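The values are calculated or read from the model by the stated rules, or taken from the named source; none is laboratory data. This one's a predicted model, so the numbers in the text were calculated from it and none came from an experiment. Using ideal geometry, Cβ is built from the backbone for each residue, glycine included, and neighbour counts are taken over all protein chains shown. When the accessible area is computed, the model is the full protein with side chains, heavy atoms only, and any ligands, DNA or RNA have been set aside. Shrake-Rupley method; radii C 1.70, N 1.55, O 1.52, S 1.80 Å.
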Amino acid sequence: MQIQHVIVINDFSYVDGGASQVALSSARGLANSGVNVTLFCAVDLADHTESSMPPNLRIISTNQKEILNDPNRVRAVLQGLWNIQARNQLKILLKSLDPERTIVHLHGWTKALSSSVIAIIREMGFKLVITMHDYFLACPNGAFYNYVTGKLCNLEPLSLACFAENCDVRHYTHKLWRFGRSIIQKNIGMVPGGINYFIAVSDFSRRILETYLPKEANIYRLDNPIEMEKSAPAQVHMNQRYLMVGRIAEEKGPHLFAQAAKRLMLPAIFVGNGSLENVVTSIYPQAIITGWVNQDTVISHMRSARALVFASVLYESQPLVVLEAAALGLPAVVPDSSAARETVTDGVTGLWFKSQDIDDLTEKLRLLCQDELVEKLGDQAYRQYWSSPRNLETHIKNLLDIYADIMKR
């Protein structure tokens, strides 16, 4: 049966991270391919001009705040547990559509919408597919990571041991709130137990999450898209700077990069901002921190870099910046415990290092001081990426194939 309408659901109507970037670009891509699309969100701060919006893409927002930034903390607590307003507005939208010709695609719900939107989708009989951008389907803090100890977590989610563990980035009371939210999500929202269709963005994240999904669940594999125009590769062997792009927070490993760069006295540049900026500059005063910059400036920094250092201590799901680097012919150094390793062939398109091992990271950066090696890695990264580019056009084609398969089931 032909798809008549796609509802893309995401906490935000603007790019606040990788999941939102994929949600918004796919909504526009679907609309440009001729599909009628509604983007349903809670937080809408974007400037939606008519010229930038396809005519068959509309945005419906509940005009609420992100729960983390809402000064009314009682309202934020309740909204995060079960967003009644979002549920009711989505119900009105769904009543106007045919469930036999509509697909609902969920990207992000934990920062504003809550699992209440998932419950109403199921209750009204619409087919729902969830892209697994993170690990909130199982883990209360969404990362299988203990932010207090700085270690990956292997506790059973929602077990007594999980309840007792102080693992939250803020404080234990916030962990208890997240634990309660996950209980509501699992038992009232029926997530993930009541969902039939999921999209995994990497084999790495799929292996971690599939044990928590229903046995009869259909799991599709689809890379996230990046919007990169093909151009001549960067002349990485002529560049000197080593680059990190993203949030400067402990779980992203900027301190590891700073220490390794200091040992070798390498020119290091951090493109982004975050809570660990002062730590980075105290470790390596010569490091440059740019703060937040737009995407064009990020690409410019990449073109002038020798290598991308992605030192995250998280599992991640599919880091887009590593793909963007490859599209420019920029080799990446990534940890062996992260999904980033799937997009880097060790010793061919980049290098792996032992996660959180400063000595090993230092050694890998030392290897990249060799012009011949870094040129070879960059060339192969460029060739491999463009032999099968993760562009939006390919993503939309494969996404429509997934929708068609779901509609037949």
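A few comments on the model shown:
- Filtering region 245-273 to residues that are farther than 16 Å from Ser355 by Cα, open to solvent by 10 Å² or more (accessible area, probe 1.4 Å) and not in a loop (DSSP other than H, G, I, E, B) leaves Val245, Lys262, Arg263, Leu264.
- Every residue from region 327-337 that is in contact (Cβ under 8 Å) with a residue 40 or more places away in the chain and either assigned to a loop (DSSP other than H, G, I, E, B) or within 15 Å of the chain's Cα centre (by Cα) (or both): Leu328, Gly329, Leu330, Pro331, Ser337
- Condition check for Ile199: at pLDDT 95 or above and either within 30 Å of Ile396 (Cβ to Cβ) or among the charged types (D, E, K, R) (or both): yes
- Just one of the listed residues (Phe40, Phe144) is on the phi > 0 side of the Ramachandran plot and among the hydrophobic types (A, V, I, L, M, F, W, C), and it is Phe144.
- Across region 148-185, the qualifying residues are those that are within 20 Å of Ile67 (Cα to Cα) and among the aromatic types (Phe, Trp, Tyr), and the one among them that is most open to solvent (accessible area, probe 1.4 Å) is Tyr172.
- Residue within region 45-55 that is assigned to a loop (DSSP other than H, G, I, E, B), open to solvent by 60 Å² or more (accessible area, probe 1.4 Å), of a type in the set (Asp, Glu) and modelled with pLDDT under 95 present: yes
- Filtered residues of region 201-232 (kept if open to solvent by less than 10 Å² (accessible area, probe 1.4 Å) and more than 30 Å from Arg303 (Cα to Cα)): Leu209
- Scanning region 306-326 for residues that are outside any loop (DSSP other than H, G, I, E, B) and open to solvent by less than 10 Å² (accessible area, probe 1.4 Å) returns Arg306, Ala307, Leu308, Val309, Val322, Leu323, Ala325.
- Taking the criterion of being open to solvent by 10 Å² or more (accessible area, probe 1.4 Å) and either assigned to a helix (DSSP H, G or I) or modelled with pLDDT under 95 (or both), the residues of region 276-292 that qualify are Glu277, Asn278, Val279, Thr281, Ser282, Ile283, Trp292.
- For region 56-92, a residue qualifies if it is crowded, with 16+ Cβ neighbours inside 10 Å, out of contact with any Gly (no Cβ under 9 Å at 6 or more places or on another chain) and assigned to a helix (DSSP H, G or I), and the qualifying residues are Ala76, Gln79, Gly80, Ala86, Arg87, Gln89, Leu90.
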